[in-house]
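Okay, so here's the structure we're looking at.
Each value in this text was obtained by applying a stated rule to the coordinates, not by laboratory testing. All values reported here derive from a predicted model rather than from experimental measurement. With ideal geometry, Cβ positions are generated from the backbone for all residues, glycine too; neighbour counts draw on all protein chains shown.
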Amino acid sequence: MFSKIMSGEDLERNKDNFDIIDVRTKEEYDEGHVESAINIPYDEILEHLDMINKDKPTVLYCRSNSRAEIASLSLKSVGFVYIYIADGVSLYDYKLVK
C-alpha cells in the first residue's frame, strides 16, 4: 500500500483542500514551513493522532520525502486512507512562512 505522490506545485495550488503536516523536526519547521501546515515530527506521529482528521485528505512533507514516507506507513497502519506525500522542501521551492 503506497501513498499517493503530490507535486509541490499541486500542494501550493490546492492547500486549502488538505490537512498539511510537516513531519520534520520542530527546529526545521520553525525555520520555515508551508502555510497552514502543522508540525508533527515523523517519529511522534502516532502519539498525536488526535490532531489529524482521519476523514480528510492529509498531505505529509519533509525535506526529501523519506520521513514523510515513514509517517505515511505509520498512519496507514492505524487505518488512515487519504494520505499524500508532497515533494520535500529540498525538491520544490515552496513559499515558506515562519
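The long axis of helix 66-77 is offset from the longest Cα principal axis of the chain by roughly 30 degrees.
Dividing the summed helix terms, -39500 (n - 2.57) for each DSSP H run of n ≥ 4, by the number of residues in the chain produces a 222 nm estimate of -7000 deg cm²/dmol to the nearest 500. Rounded to the nearest Å, what's the spacing between the alpha carbon centres of the range 80-95 and the range 1-34? Just the number, please. About 4 Å separates the Cα centre of the range 80-95 from the one of the range 1-34. The trypsin sites (Lys or Arg not before Pro) found in the range 1-94 that occupy coil by DSSP, while having at most 14 further C-beta atoms within 10 Å, are K54. Among the GluC sites (Glu not before Pro) found in the range 17-69, those both in a DSSP coil and sparsely packed, with 16 or fewer other Cβ atoms within 10 Å of their Cβ, are E35.
Among residues other than E9 with Cβ under 12 Å from its Cβ, the summed charge is -1 (Lys and Arg +1, Asp and Glu -1).
Under 5 Å between amide hydrogens, built in the peptide plane, is the criterion, and for M6 it picks out I85, A86, D87 among residues at least 5 positions away or on other chains. Model label points for S66 and N17, set 7 angstrom from Cα along the Cα-to-Cβ axis, are 3.1 nm apart.
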